[in-house]
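Comments concern the structure below.
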Amino acid sequence: LSVHPFHVLRINKMLSCAGADRLQTGMRGAFGKPQGTCARVSIGQVLLSVRCKDNNSHHAQEALRRAKFKFPGRQKIIVSRKWGFTKFSRADYLRWKSENRIVADGVNAKLLGCHGPLANRQPGRAFIDATT
């Protein structure tokens, strides 16, 4: 879940009966009482993200299709071309993993480059071709 309902909605209750003008102050001090909360969302902002194995992707898509009716407005389900929550494409991630150039880092991954101290390198991996 990418967005959280931290924005507080408030209401300034107004009386609508006879003689109400003597009981309330109108817009003076109209801060209002909390009525509920909502999330402030921009157009095109991601609401939900799901990471799953390839053979379970149709189950995740069906779950998101059912969940999108609970949100107001039109929602789209987009299948990412990236590997998990990383910034790397699927083909690049698999190639670099077979070359031992990617290190798992929680839900993300770190790409080992050709910079930095040689003491941090594995034996035989001191010089990696920078063009690949």
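Bear in mind these aren't lab numbers, they're just calculated from the coordinates by the rules spelled out. Here the structure is a predicted model, which means the values were calculated and not measured. Note: ideal-geometry Cβ built from the backbone for every residue, glycine included; neighbour counts use all protein chains shown.
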### Query
Under a plain spin-label model, where a point goes 7 Å from the Cα along Cα-to-Cβ, how far apart in nm are Val3 and Val107?
1.8 nm
#### Entry: Estimated FRET transfer efficiency (Glu99, Ala119; beta-carbon r; R0 25 Å; 0.05)
0.75
### Task
Would you please give the FRET efficiency between Arg65 and Ala30, computed as 1/(1 + (r/R0)^6) with r the Cβ-Cβ distance and R0 = 35 Å, to the nearest 0.05?
0.25
### Message
List the pairs from Lys53/Lys82; Lys53/Lys76; Lys68/Lys97; Lys53/Lys110; Lys33/Lys68 whose alpha-carbon separation is above 24 Å, in the order I gave them.
### Response
Lys68/Lys97; Lys33/Lys68
### Message
Could you give each residue of region 105-113 its phi-based ³J(HN,Hα) in whole Hz, using Karplus coefficients 6.51, -1.76, 1.60 with θ = phi - 60°, and x for Gly or Pro?
### Response
9, x, 8, 9, 9, 10, 8, 7, x
### Query
How would you rank Phe31, Phe6, going from fewest to most other Cβ atoms within 10 Å of each one's own Cβ?
Phe31, Phe6
